[in-house]
Amino acid sequence: GIVRCMNDTGRMLKELQATSLGQYILRQAAEVSTPLAAALVDNLQRSFKVALADTATRDNADVHFMCKAQLLVAQLYRRFQGAEGQEQFRFSDADQFTVFSDSVLPAVLWSAGVLRVGDGLAAKIDGGEALSAGAEEEVALRAAAVRAGDMIVKEADHAFTAMDLSFYIWGRMSKEEGMKRIPRHIVKDTVMY
């Protein structure tokens with residue numbers, strides 16, 4: 001779990017000769033002429049597999065959610081996009097993020113009637129029964145949330161990005177009491193979210 005994640009991250013930072021994750025990210029960002037969010041997300045999830053390689057297999061195909069890696073890079077973009085001397089975080093492809101599909105996004109989309117969840121899965125979620133990381137139901141639920149996020153952005157004629165949608169939903173979830181009570185799926189055997 002979390003201890004393995006921390007140990008692996010520390011081991012990788014040492015192997016990569018970085019004293020911190022921040023130093024590693026700054027070094028990676030400085031090595032490219034055109035800052036691309038996708039490249040940094042890919043680099044992070046390849047370098048820190050235990051902590052950030054949020055991948056599952058469904059129907060013999062890899063499904064890459066990269067929730068935490070995308071979130072980290074999106075936070076850098078949001079914080080530094082207009083800051084003087086921080087050009088390395090002005091990602092020209094920031095509009096290409098997918099929604100950050102963890103347990104919050106599917107829950108909110110289900111509650112809003114955007115996602116439909118089968119009776120069996122609904123009973124598990126409502127009953128607080130844990131799903132297994134990478135299990136068909138967990139992957140399908142998160143993938144459906146990503147697809148729904150893409151469709152919402154498209155339907156809004158790209159007036160906002162998937163990143164904006166994710167932050168909006170998370171903001172509402174943390175501030176509005178009714179939103180906090182929406183049942184979310186539980187996955188105990190993951191550090192991905």
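The values are calculated or read from the model by the stated rules, or taken from the named source; none is laboratory data. On a predicted model such as this, the values are computed, not experimentally measured, just so you know. Virtual Cβ from ideal backbone geometry, glycine too; neighbours counted across all protein chains shown.
Answer yes or no as to whether Ser132 is of a type in the set (S, T, N, Q), touching a residue at least 40 places away in the same chain (Cβ under 8 Å), touching a Phe, Trp or Tyr at 6+ places or on another chain (Cβ under 7 Å) and outside the structural domain of Leu26 (by TED's automatic domain parsing).
Numbers: of a type in the set (S, T, N, Q): yes; touching a residue at least 40 places away in the same chain (Cβ under 8 Å): yes; touching a Phe, Trp or Tyr at 6+ places or on another chain (Cβ under 7 Å): no; outside the structural domain of Leu26 (by TED's automatic domain parsing): yes.
Spelling it out, it is not the case that Ser132 is of a type in the set (S, T, N, Q), touching a residue at least 40 places away in the same chain (Cβ under 8 Å), touching a Phe, Trp or Tyr at 6+ places or on another chain (Cβ under 7 Å) and outside the structural domain of Leu26 (by TED's automatic domain parsing).
For the stretch 143-185, which positions are within 23 Å of Gly120 (Cβ to Cβ) and under 16 Å from the mean Cα position of the chain (by Cα)?
Kept after step one, since they are within 23 Å of Gly120 (Cβ to Cβ), are these residues of the stretch 143-185: 143-148, 181-185.
Result: Ala143, Ala144, Ala145, Val146, Arg147, Ala148, Arg184, His185.
Return the pair list, or none, for Cβ contacts closer than 6 Å from residues in the stretch 163-186 that are not assigned by TED's automatic domain parsing to the domain that holds Phe91 to residues that are of a type in the set (Phe, Trp, Tyr), at least 6 apart or on different chains.
These pairs meet every condition: Met163/Phe97; Ser166/Phe100.
Pairs needed: first member in the stretch 56-70, not assigned by TED's automatic domain parsing to the domain that holds Met192 and outside any helix (DSSP H, G or I); second member anywhere, of a type in the set (Asp, Glu) and surrounded by 10 or more Cβ atoms within 10 Å (Cβ to Cβ); C-beta distance under 8 Å; at least 6 residues apart or different chains.
Ala56/Glu138; Arg58/Glu136; His64/Asp54; Phe65/Asp54; Met66/Asp54
Quick check on my filter: what residues within the stretch 142-166 are surrounded by fewer than 18 Cβ atoms within 10 Å (Cβ to Cβ) and of a type in the set (A, V, I, L, M, F, W, C)?
Of everything in the stretch 142-166, those that are surrounded by fewer than 18 Cβ atoms within 10 Å (Cβ to Cβ) and of a type in the set (A, V, I, L, M, F, W, C) turn out to be Ala143, Met151, Ile152, Ala156, Ala159, Phe160.
Here's a check for you: in the stretch 1-26, which residue that is at pLDDT 95 or above and either of a type in the set (Val, Ile, Thr) or not assigned by TED's automatic domain parsing to the domain that holds Arg46 (or both) is nearest to Val41 (Cα to Cα)?
The residue in question is Ile25.
Please state which of the following conditions Lys49 fails to meet, knowing it meets all the rest: (1) within 17 Å of the chain's Cα centre (by Cα); (2) more than 30 Å from Lys180 (Cβ to Cβ); (3) at pLDDT 95 or above.
Looking at each condition in turn, Lys49 falls short on (3).
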